[in-house]
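Below: one structure, written as structure tokens.
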Amino acid sequence: MIEQLLGSKTRVKLLQLFLSNPNRSFYVREITRKIDEQINSVRRELSNLLNIGIIVSDTTNNRLYYEANQQYEFYEPLRQIFGKGQQADVAKAGTNAAEQESLKSLGNIELMLYTGQLTRDERAGVDVLIVGNTNANAVQKYVAELEKQEGKDLRYTVMTLSDFLYRQQVRDRFLGNVLEAKSQVIFDRQGLVEGKE
């Protein structure tokens, strides 16, 4: 139905990709793989979304990256429609049922965020931060699957909630860098990183 309203299945898939992944940047070939559409229709719709201002582009290492423009005047309403904003109360980041099930297998997760290579902000020094009581084997499996999906080696850190809170209290440099860097909150049970999306 939404495809009929907007006139393009590719445009709908692009809006879902960008608005479900704030602070994540994607290049064209990566986008075509993720949404399973032809490269010409992807390029055409990227151009349309860029002209409207819904997305912005940036070049890094001779690659053109696209991401949601969070300054766009209708960003929040669009995110409610196409992103995962409608579920944000459940997990603060709007994980869907399959993602929530996947996170449950990791243990008792309080916070998970993507940063570093996944958001093209290397200040963090890490790509995935997981806070909680976790199953080490399940975390390794999860990260291996994410590496396969993203096509790159990822650095990750796991810490307990008490360690996270202590590091926050003493203004730990590592944790400070992670929290100041551009990130995508995947799950935040207690609002540990309020205002970060």
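Points worth noting:
- Legend: translational diffusion of the chain by Stokes-Einstein, Rh = Kirkwood radius over C-alpha pairs, 20 °C, 1.002 mPa s; D = 122 µm²/s.
- Cβ crowding within 10 Å, taken as a proxy for footprinting-reagent exposure, orders LYS141, LYS148 from fewest neighbours to most as LYS148, LYS141.
- Environment charge of VAL143, counting only residues whose C-beta is closer than 13 Å and scoring Lys/Arg +1, Asp/Glu -1: -1
- Relative exposure of SER41, SER25, judged by other C-beta atoms within 10 Å (fewest first): SER41, SER25
- Mean-position separation - Cα centroids, region 1-63 and region 107-142, in angstrom: 26 Å
- The value obtained for region 1-51, namely the Cα convex hull volume divided by the number of residues, is 78 Å³ per residue.
- ILE55 long-range amide H proximity, modeled H, under 5 Å: LEU50, ASN69
- Additional length obtainable on full extension of the chain from ASP58 to GLN70, 0.36 nm per residue less Cα span: 2.9 nm
- Entries of LYS9/LYS182; LYS104/LYS141; LYS13/LYS104; LYS34/LYS152; LYS9/LYS34 with Cα pairs more than 24 Å apart: LYS9/LYS182; LYS13/LYS104
Each reported figure results from applying straightforward, stated rules to the coordinates on display, with no laboratory input. Worth saying up front: this structure is predicted, and the values here are computed from it rather than measured. Every residue, glycine as well, gets a Cβ built from its backbone with ideal geometry; the counts of neighbours run over all protein chains shown.
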